[in-house]
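Since the structure comes first, as structure tokens, the remarks are kept for the end.
The numbers here are math on the coordinates, done by the rules we state, and not lab data. Keep in mind the model is a prediction, meaning the values are calculated, not measured. Neighbour counts are summed over all protein chains in view; Cβ atoms, including those assigned to glycine, are modelled from backbone coordinates with ideal geometry.
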Amino acid sequence: MKKKFKMVFLIACLFTLAGILTGCIPGDGTYSASRPAGFFWGIWHGWMAPVSLIFSLFNHKIRIYETFNTGWWYDFGFYIAVISQFGGLSMSRKKKDSK
């Protein structure tokens, strides 16, 4: 019974976390030309890029990249987050001994 409760609790937590995280994905209409996304939102959208990609497959209004942004600073934050996220995957692999 405890094992079943833990599984249900874990699934509920995952759905809750997914709901919270999707509230801040780019392209959802939150930003406009008068109120663009800045550097820190660029970092957040870069971290959310994999989640945004999956949701954009089902909802064509959702985009990976916010079109209403501040320009260079948003791009810089976005690319920092994307590179650190995907570049870090290569650092986690085990290196083989070459003897």
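Rounded to whole Å and sorted largest first, what semi-axes of the equivalent ellipsoid does the C-alpha gyration tensor of region 1-83 yield via the square root of 5 times each eigenvalue?
30, 13, 10
Starting from the Cα gyration tensor of region 40-88, take the square roots of the eigenvalues, sort them a ≥ b ≥ c, and report rounded, prolate or oblate (rounded when a/c is under 1.5, otherwise prolate if a/b is larger than b/c, else oblate).
Oblate shape, in that a/c is at least 1.5 and b/c is the bigger or equal ratio.
Could I have the simple spin-label model distance between F86 and L53, label points 7 Å from Cα toward Cβ, reported in nm to one decimal?
0.6
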